[in-house]
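Heads up: the structure comes next, in structure tokens.
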Amino acid sequence: MDGPIQSDHFIETKGFEHVRCLKLTEIKNFQNYFLTFRPEQSSGTFESDKDPEVKGGTLYLDTYKELPGHTDGLPVAISYRIGNRNYIVCVENDLVTLKEGELPNIPSVSSEFIFYKSEYGGEDKSKDTTFESSVKRGFFLACSEDGRNLILEPPTKLEAFKLEIHFGVTFSDDLADKNQTVNENVPYHIRNSHDDFLIVQPEECVATFDPNGVEKGEQATFYMNIYRELATNDGLPVIFSCKVDNKNYLLCVQNNSVIIKESELPEEIPTETSELIFYVKEFSNGHSAFRFESSLKFEPPTEQRFCLAWNKDDPVKKLILKPYYEGRINESINFFIEAE
């Protein structure tokens, strides 16, 4: 991706703000034909089988912050990378074409690169999806009448402009800007703004910050296990895990407290909130640190968001939850992620 994981500073932004980039395994039409991009022809076609001639290309879905007051769907851009070349799907002269280059900044509220994504269907990992052009409103990405070519059409036939997208098992995000790749196989250290390292203490079922924590080996080694997004623009959804003495432990929110519990990773979480899921977000605009926001909705009902934090007044420096206030800098929810 081109920029850091975005915070919620969208109020003063007039254009589209980049949030993150999701890797796609495939896009299919209603006939289950695979969308294939052919850069030499600046076009996209639907094929019954994946074409071995274009093997090596990767699809990405760049997501943007939803515009305040707009209910058109999630703003996205679709790109295709093969080798060291990147191509972006765009609308030009009412045609769908490919344009080579990286995604530019988008200061306006419409762009040839931006489509509004809406979903239909169940809770499974693939859904019927529509992509409406932001520059030619009322027109959608669709397959031609013969089911072969990617075109722009008004919704005369519902099935023609419904596409099915499949997400990859990993996310591309801007930790990669620091030559890091976030996935379940990479060990990380997490430290606070006072250079204390997070460690788990399974016997007490808590996680604490220790100035010598990096020397604690397994207790200070965390994995960020990435899950497929269920809600839009909430950040990168992860579960933090740690292995100690061949036992697997997860960070968990329970009764408004943060605990460590012994458990294996769940394969699927069917709801948008979970005591295990945290959203990784930029601490503040342009800052190299991150905050970790709980996905849970707390009782009594509140719009307030809660983040992992540490208590400076507690000599134990236990990992806790604190409310997040937009625009306020709170160093106790400020964390740094470092590859081990």
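The values are calculated or read from the model by the stated rules, or taken from the named source; none is laboratory data. Because the structure is predicted, anything quoted here is derived from the model rather than measured. Positions of Cβ are backbone-derived with ideal geometry, glycine not excepted, and every protein chain shown enters the neighbour counts.
Can you find a residue that is touching a strand residue (DSSP E or B) at 6+ places or on another chain (Cβ under 8 Å), modelled with pLDDT under 85 and either farther than 20 Å from LEU22 by Cβ or not acidic (Asp, Glu) (or both) anywhere in the stretch 76-97?
Step one: of the stretch 76-97, the residues touching a strand residue (DSSP E or B) at 6+ places or on another chain (Cβ under 8 Å) are 76-82, 85-92, 94-97.
Restricting the remaining residues to those that are modelled with pLDDT under 85 gives none.
No; the residues of the stretch 76-97 include none that is touching a strand residue (DSSP E or B) at 6+ places or on another chain (Cβ under 8 Å), modelled with pLDDT under 85 and either farther than 20 Å from LEU22 by Cβ or not acidic (Asp, Glu) (or both).
Restricting attention to the stretch 250-276, report how many residues are at pLDDT below 90 and among the hydrophobic types (A, V, I, L, M, F, W, C).
Result for the stretch 250-276: 2.
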